[in-house]
Structures are given as C-alpha cells and as structure tokens.
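Visitor: Could you have a look at this structure, given as structure tokens, before my questions?
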Amino acid sequence: MKEDIQITTERIDDFVVLLAMMQQMDLPGILDRHIPRHWLQQGLSWGWTASIWLAHIVSQGDHRKVTVRDWVRQAHSTLEQITGLDIRETDFTDDRLTIVLRHLADEARWHAICPWRWMWCRGNRGMILCMCQRLTACWHAWGGRACSSWETAR
C-alpha cells in the first residue's frame, strides 16, 4: 500500500537562531517567573509569548502587533518544533500581546528581572526597543549568563 506524503513548506529565517539563543538564556523561564499567569489562562505562557514576539520583531524588523499572528501562522510548524510547545491560533492576538506589553511596562517587574535600572521607556515601540536593550545589557553584565533577581551582583 502506497502512503501519501504530505510536505509542508515554511520560510525559515534567522528567528530559529534567535529563539535558540533566547532558550539558552532561559528568557522564557525568567519572564515566566516574574510575570504572573492567571489560573484560567490557556495557551502559551507570557514568557514564551514575549520571546516569540521578540524573535519576530528582530527577525522581521516590524514591532507592530497586527503582523505577529500572520507571521506565526506561516512559521507554525517550525515554531512548534523549535519550542516543543503547542502553539494555538489565539496565542498571538492583539489582546494577548497588549497584556504582555502591560506586564513588561512595569518598572518594578523589570528591576526584578534584571536588577539594574537601565532606562524608562514608554509606548509600544519604545517598550519593545527597551526590552531588547535591557535584555542585551543584562546578558552582558552577567558575563553571558541571563540575570535574575535571585542572583547578586559580583
């Protein structure tokens, strides 16, 4: 009996490497420890949502929330294989991305994630650029290791 072979074609850009680096830094885990999850929340955690969104921003050069869902849809299989997670259609709606931004806009939360106060940013685009800068600065300040609130400065 001959089996039908189903071939899925997706464009793979640099986001695979970006997500691998974020996983190596444990970025999703660090964000999950500091961003509360509602007990009824389904789908991806806030850490994974922010990490995949950040990979989209850096890879595609587009910070707008409206483009993320379509990008995730076209890279769905690749994203699931890289993360090992079940990614749903509703994980990257404008509403969910807005919730992530609100959590990341909290200065006290940023101080807990990375104990240095780097800068204060406002607005959607500013917050994303600020997130990139803070994570990079935090990464370098700890000698290539992701920093977190339970570590003390050397």
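Visitor: Answer rounded, prolate or oblate for region 14-72, using the Cα gyration tensor with square roots of eigenvalues a ≥ b ≥ c: rounded when a/c is under 1.5, else prolate when a/b is larger than b/c, else oblate.
Guide: Note, shape of region 14-72 comes out oblate.
Visitor: Explain nothing, just compute: Karplus ³J(HN,Hα) = 6.51 cos²θ - 1.76 cosθ + 1.60, θ = phi - 60°, for every residue of region 42-56 in order, whole Hz, x for Gly and Pro.
Guide: 10, x, 5, 6, 5, x, 6, 4, 5, 5, 5, 5, 4, 4, 4
Visitor: Among residues other than S51 whose Cβ falls under 11 Å from its Cβ, what is the net charge (Lys/Arg +1, Asp/Glu -1)?
Guide: -2
Visitor: Then there is this: For each of D4, D91, D26, D14, count neighbouring Cβ atoms within 10 Å of the residue's Cβ, then give the residues from fewest to most.
Guide: The order, fewest Cβ neighbours first, is D4, D14, D26, D91.
Visitor: Arrange the following residues from fewest to most other Cβ atoms within 10 Å of their Cβ: K2, K65.
Guide: K2, K65
Every number in this text was worked out from the coordinates using simple rules, so none of it is lab data. Being a predicted model, the structure only gives us computed values, none of them experimental. Ideal geometry is used to build each Cβ from the backbone, glycine not excepted, and the neighbour counts take in all protein chains shown.
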